[in-house]
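Working notes, beginning with the structure itself.
The values are calculated or read from the model by the stated rules, or taken from the named source; none is laboratory data. Note that the structure is a prediction, hence the values are computed from the model and not measured. As a convention, Cβ positions derive from the backbone with ideal geometry for all residues, glycine included, and neighbour counts pool all protein chains shown. All accessible areas refer to the heavy atoms of the entire protein, side chains included, with ligands and DNA or RNA removed. Shrake-Rupley method; radii C 1.70, N 1.55, O 1.52, S 1.80 Å.
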Amino acid sequence: MSAAAFVDDFFHRILYQPDDAVAAEALSLDLSEDARININGTDLTAAAFSSMIKNQFRGTQIGALISSKDLNTSPLDPYGKTGAVAQTSQYTTTGKEDGKVVPQTATTLVKVEERNGKRIVTSLFEVTSVDV
């Protein structure tokens, strides 16, 4: 699996599939505890990001991916299993209480490295906007 496919799978498991336990496991296993994370200009620890995903995002809304496109990739190994991945994604969120559907776009830059024989997200920068 390429670094880009690993990133796709990571986002699918934490944001778009319905099982909260699967999301929590992905955050626990595939996000480095010391990951550098910045969402819309705000720096977050990995713990704060995980809490935000589990409680604010998944706790209040349901995400549905419309499309995802790799903008660029920069491999760190000869096989492309690690590296930097830039993507843009269109998705919707649906409020669990009000049912309001909000179309959004996110552009991400994610670095995937290998540590202790395992691939892991070590940095994640994201800019998200609400589409009008």
Given a Förster distance of 30 Å, the FRET efficiency implied by the Cβ-Cβ spacing of Asp19 and Met52, rounded to the nearest 0.05, works out to 0.95
Output for the stretch 28-132: GluC sites (Glu not before Pro) sitting in coil per DSSP, at most 14 other Cβ within 10 Å, listed by number, reads Glu97
Working out 0.36 nm times the residue gap between Asn40 and Thr60, then minus their Cα-Cα distance, what length gain in nm do you get to one decimal?
5.3 nm
Over the stretch 22-132, relative contact order from alpha-carbon pairs under 8 Å, at least 6 apart, %:
26
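At a Förster radius of 25 Å, what calculated FRET efficiency corresponds to the Cβ-Cβ distance of Lys100 and Lys69, to the nearest 0.05? Before the final figure, lay out the partial values.
Working: r = 26 Å, r/R0 = 1.04.
The pair Lys100/Lys69 has a calculated efficiency of 0.45.
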Is it possible to state the helix-based mean residue ellipticity at 222 nm for the chain, with each DSSP H run of 4+ residues giving -39500 (n - 2.57), the sum divided by total residues, to the nearest 500 deg cm²/dmol? What is it?
-5500 deg cm²/dmol
Under the rule rounded for a/c under 1.5, else prolate if a/b exceeds b/c, else oblate, using alpha carbon gyration tensor axes a ≥ b ≥ c, the stretch 31-79 is classed as oblate
Can you send over the carbon and sulfur percentage of the accessible area for the stretch 1-72, probe radius 1.4 Å, protein chains only?
53
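Taking the Cα centre as origin and putting +1 on Lys and Arg beta-carbons and -1 on Asp and Glu beta-carbons, what dipole magnitude results for the chain, to the nearest 20 debye? Display every interim value, and only then the final one.
Values: 12 positive and 17 negative charges, 13 e Å.
About 60 debye.
Excluding ligands, DNA and RNA, what is the solvent-accessible area per residue of the stretch 52-98 at a probe of 1.4 Å, expressed in Å²?
Working: 2940 Å² over 47 residues.
On a per-residue basis, 63 Å².
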Here are some values of semi-axes √(5λ) of the Cα gyration tensor in Å: (1) 24, 16, 13; (2) 30, 21, 12; (3) 21, 17, 15. Which one was computed from this structure?
(1)
To the nearest 10 square angstrom, how much accessible area does Thr108 have with a 1.4 angstrom probe?
10
